[in-house]
Amino acid sequence: MEHKLVIDASNKSFLPDFKELYRYRDLFYTLAWRDFRVRYAQTTIGLLWAVLQPVVTLLILSLVFGRFVGVKTEVPHLLFTVAGTSIWTYFSYVMTNSGSSIIASQQMVKKIYFPRLIIPLSKAVVGFIDFGISLIIMMILMVYYGVTPSSNTWLAPVFILFGIVAALSIGIWLSALSVRFRDFQHVVPFMVQIGLYVTPIAYPAEFAIKQLPSWVSTLYFLNPMAGVIQGFRWSLFGGEAPGNLLFVSIFATVIIFILGISYFNNVQDLMADYV
Amino acid sequence: MSNDVAIRIKNLGKKYNIGKEKDDNFRATLVNLFKKSSTKDEEFWALKNVSFEVKKGDVIGIIGKNGAGKSTLLKILSQITKPTKGYVEINGRVASLLEVGTGFHSELTGRENIYLNGTILGMTRHEVKSKFDEIVDFSGVGKFIDTPVKQYSSGMHVRLAFAVAAHLEPEILLIDEVLAVGDVGFQKKCLGKMDEVSKSGRTILFVSHNMGAVASLCNRAILLHKGNLLNHGETTKIISQYFNSGQASYYFENDENDFSEKMHSVLTCAYVCSTNHEKKGKFYVNEDFKVCVEYEIIEEVDAPIVVSLRFFNEQGECVFLCLANEVQPKAKGKYIAECKIPKNFLNDGLLSVSVASATYYETNYVKNYFYKDVLMVEIIDVLHDNPMRYSYGGPFPGFIRPNLDFKVRSINSIK
């Protein structure tokens with residue numbers, strides 16, 4: 001088979017070469033699997049860490065919002081919050097790691113060619129460990145509280161997928177931006193911290209909608225995770241269906257995603273010169 | 001006609017902006033957006049208007065001094081970076097080895113790293129699997145294959161890494177001095193593998209300072225100088241042009257001004273001279289000469305900053321390495337380090353000298369600079385009136401030609 005490659009300085013494309021990405025799928029698996037192995041290779045209590053972190057976050061949030069503030073929710077507050085933290089923890093983990101991924105693998109970027117997009121994308125997989133553990137905790141709590149899943153549960157995977165895309169889109173943006181502008185490395189922990197409060201994790205989204213003028217609510221839902229978490233929780237426990245604002249989140253995610261891979265594609269040719 | 005061309009390069013150029021203030025800060029970019037006449041970055045063309053063709057099955061050596069653009073060319077061909085100008089057409093599957101062991105992770109075992117590194121280099125997991133035994137065999141790592149590589153010796157590490165790379169099966173292979181690693185035995189093995197690859201009819205582009213390796217492996221060579229293509233053609237012709245073109249001479253002045261922050265000392269100039277300080281590049285074997293390095297200490301540290309010299313022969317083999325001795329100055333200021341090379345020590349031939357400096361802390365050292373092959377010195381044989389030769393007029397083998405204490409005395413004298 002004749003294999004031809006043309007490198008043309010004047011050639012620029014808007015979107016990445018998806019065929020090539022597919023050809024490198026084995027690299028995606030290997031990188032994801034490497035992160036998997038490495039993450040728990042050195043720690044002595046291994047997987048226990050993955051359980052401890054979400055459980056502690058969950059307990060603190062539930063203590064502050066459920067007990068101290070007294071947020072009223074349709075299902076027990078602990079269960080309500082675990083649905084939020086499960087997907088939020090995944091989101092913040094993937095966003096942080098794929099955001100710093102290019103700089104973290106600069107040795108590779110400088111020495112070998114492969115579609116750079118594989119690096120941030122591969123970070124989406126490791127987060128599933130924590131997510132899976134949170135889901136198990138949630139199921140245990142559902143049994144404990146005797147809460148039956150709603151009839152919309154079949155939609156839950158859609159919202160999870162939507163969460164994955166949201167995490168990756170922001171991660172891709174950050175990974176490309178932080179190559180050019182190292183400042184962005186400092187932005188990420190800040191975003192995670194703020195996000196914990198401006199996302200309806202430990203309180204229902206209606207709280208925010210009722211308190212704010214409608215244009216601020218729209219702004220609130222430009223945060224993709226606002227829609228993801230509200231929708232995910234609705235698909236599990238039922239209640240009032242998310243309104244039009246959900247589409248604001250979906251729309252925001254799609255735009256961030258498309259522009260993200262396009263920006264990334266634009267920068268990737270010169271990444272080796274900057275890292 | 002175009003069927004036998006593996007690589008076609010047309011007017012290739014690569015520009016780097018080397019501004020005083022790097023634009024990798026967000027504010028500067030924002031400011032520049034609104035300011036039309038932004039402070040002009042200094043432009044630097046690492047490659048200028050390079051055009052050539054490589055035929056299928058050719059083994060091309062790319063040679064030139066430091067900063068000639070060799071690595072940039074290889075980086076563009078391997079798609080690591082994009083050219084600023086020009087066009088490249090490559091017919092065939094490319095694999096590049098700019099470094100061995102890219103992506104190796106010290107926590108993972110040898111086995112896991114083979115898969116990891118293999119896929120990073122562009123193999124599928126299936127391909128790695130089918131060559132796995134061969135790779136392990138070639139590396140000689142043997143029973144340590146399931147041990148984390150952090151417990152490997154550096155030699156084992158390199159061998160395993162090269163073994164993976166050696167089992168890529170591309171039609172076009174781009175190599176950047178990976179052979180400069182490992183022990184001599186392993187280097188021979190690597191060169192053998194490359195030779196085998198080239199004999200199987202594949203195209204190889206090989207960047208190296210090792211003229212011996214270039215001469216023995218490559219059928220053609222390309223000479224680059226400051227981003228320009230000086231010449232290309234038959235290997236021996238190009239190599240002798242490299243040695244004789246005066247590209248490297250007995251005097252080297254450092255005109256770089258891009259110093260990284262880590263440096264404690266910078267090179268001003270270096271030269272070869274006679275014992276009475278006449279700068280020149282040719283000496284007889286029975287003549288003393290000096291190699292002088294002028295440098296400036298720009299940051300005071302509480303550790304010796306030591307200049308070192310490496311001498312290489314025409315085959316690219318290191319003849320010796322020498323570190324400046326006695327007390328090393330630490331205070332800021334300009335210094336000159338002089339190394340006297342005694343007469344009747346080096347063999348005749350052309351030698352290239354690399355100049356380096358490092359700061360030696362108690363347990364580790366930090367490189368200040370390393371200039372490869374910046375000086376050239378020719379040692380000329382003395383054929384007549386040479387008591388060491390008697391009537392022998394042929395070449396003297398060996399790296400050195402010392403005049404040793406080698407005397408004859410009688411052990412059974414007859415009274």
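Values as computed for the structure displayed
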| read-out | value |
| --- | --- |
| Count of segment B:138-149 residues which are within 14 Å of chain A (Cβ to nearest Cβ) and exposed (fewer than 12 other Cβ atoms within 10 Å of the Cβ) | 1 |
| Candidate set: segment B:342-397, residues that are in a loop (DSSP other than H, G, I, E, B) and hydroxyl-bearing (Ser, Thr, Tyr); chosen: the one modelled with the highest pLDDT | B:TYR361 |
| Candidates B:ILE76, B:ILE90, filtered to the one that is farther than 19 Å from A:PHE36 by Cβ, within 14 Å of chain A (Cβ to nearest Cβ), part of a helix (DSSP H, G or I) and touching a residue at least 60 places away in the same chain (Cβ under 8 Å) | B:ILE76 |
| B:ILE7 part of a strand (DSSP E or B), under 20 Å from the mean Cα position of the chain (by Cα), under 26 Å from B:LEU191 (Cα atoms) and modelled with pLDDT of 90 or more | no |
| Breaking point among (1) in a loop (DSSP other than H, G, I, E, B); (2) under 30 Å from B:ASN49 (Cβ atoms); (3) not charged (D, E, K, R), for B:LEU173 | (1) |
| Filter result for the condition that a residue is within 14 Å of another protein chain (Cβ to nearest Cβ), touching a Phe, Trp or Tyr at 6+ places or on another chain (Cβ under 7 Å) and in a helix (DSSP H, G or I), over A:LEU21, A:LEU79, A:LEU27, A:LEU31 | A:LEU27 |
| Within segment B:109-132, tally of residues that are assigned to a helix (DSSP H, G or I), touching a helix residue (DSSP H, G or I) at 6+ places or on another chain (Cβ under 6 Å) and more than 7 Å from chain A (Cβ to nearest Cβ) | 7 |
| All positions within segment B:114-137 that are out of contact with any His (no Cβ under 7 Å at 6 or more places or on another chain) and surrounded by fewer than 21 Cβ atoms within 10 Å (Cβ to Cβ) | B:GLY122, B:THR124, B:ARG125, B:HIS126, B:GLU127, B:LYS129, B:SER130, B:PHE132, B:ASP133, B:VAL136, B:ASP137 |
| Test: residue in segment B:329-338 that is part of a loop (DSSP other than H, G, I, E, B) and farther than 12 Å from B:HIS264 by Cβ | no |
| Residue list for segment B:211-226, filter: surrounded by fewer than 22 Cβ atoms within 10 Å (Cβ to Cβ) and either touching a residue at least 40 places away in the same chain (Cβ under 8 Å) or hydrophobic (A, V, I, L, M, F, W, C) (or both) | B:GLY212, B:ALA215, B:ASN219, B:ARG220, B:HIS225, B:LYS226 |
| Members of segment A:1-13 found to be over 14 Å from B:GLU89 (Cα atoms) and surrounded by 10 or more Cβ atoms within 10 Å (Cβ to Cβ), listed by number | A:LYS12 |
| Candidates A:SER151, A:SER169 - the one that is among the small types (Gly, Ala, Ser) and not in a helix (DSSP H, G or I) | A:SER151 |
| Failed item, numbered, when A:LEU58 is tested on (1) crowded, with 21+ Cβ neighbours inside 10 Å; (2) under 23 Å from B:LYS82 (Cα atoms); (3) of a type in the set (A, V, I, L, M) | (2) |
| Subset of segment A:140-173 [of a type outside the set (Val, Ile, Thr) and within 10 Å of the chain's Cα centre (by Cα)] | A:LEU161, A:PHE162, A:GLY163, A:ALA166, A:ALA167, A:LEU168, A:SER169, A:GLY171 |
| Criterion: in contact (Cβ under 8 Å) with a residue 60 or more places away in the chain, out of contact with any Asp or Glu (no Cβ under 8 Å at 6 or more places or on another chain) and closer than 30 Å to B:VAL5 by Cβ - qualifying residue of B:LEU173, B:LEU191 | B:LEU173 |
| Evaluation of A:LYS111 against (1) touching a Phe, Trp or Tyr at 6+ places or on another chain (Cβ under 7 Å); (2) farther than 29 Å from A:VAL55 by Cα; (3) surrounded by 21 or more Cβ atoms within 10 Å (Cβ to Cβ) (one fails), failing number | (1) |
| When residues of segment B:51-73 are limited to those that are in contact with a helix residue (DSSP H, G or I) (Cβ under 7 Å, 6 or more places away or on another chain) and either assigned to a loop (DSSP other than H, G, I, E, B) or within 13 Å of another protein chain (Cβ to nearest Cβ) (or both), the one farthest from A:VAL6 (Cα to Cα) | B:GLY64 |
| Tally, over segment A:183-205, of residues that are in a loop (DSSP other than H, G, I, E, B) and over 26 Å from A:VAL275 (Cβ atoms) | 6 |
| Index of the failed condition, A:SER249 passing every other in (1) surrounded by fewer than 21 Cβ atoms within 10 Å (Cβ to Cβ); (2) away from chain B (no Cβ under 14 Å); (3) in contact with a Pro (Cβ under 8 Å, 6 or more places away or on another chain) | (1) |
| Residue check for A:VAL38: touching a residue at least 12 places away in the same chain (Cβ under 8 Å) and among the β-branched types (Val, Ile, Thr) | no |
| Filtered residues of segment B:81-94 (kept if modelled with pLDDT under 90 and buried (at least 20 other Cβ atoms within 10 Å of the Cβ)) | B:VAL94 |
| Residue that is nearest to the other protein chains (Cβ to nearest Cβ) [pool: residues in segment B:95-108 that are surrounded by 23 or more Cβ atoms within 10 Å (Cβ to Cβ) and either touching a strand residue (DSSP E or B) at 6+ places or on another chain (Cβ under 8 Å) or outside any loop (DSSP other than H, G, I, E, B) (or both)] | B:SER96 |
| Residue count for segment B:284-328, restricted to those that are within 25 Å of the chain's Cα centre (by Cα) and part of a loop (DSSP other than H, G, I, E, B) | 6 |
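The values are calculated or read from the model by the stated rules, or taken from the named source; none is laboratory data. Since we're looking at a predicted model, the values are computed, not measured. FYI the Cβ positions are ideal-geometry reconstructions off the backbone, even for glycines, and counts take in every protein chain you see.
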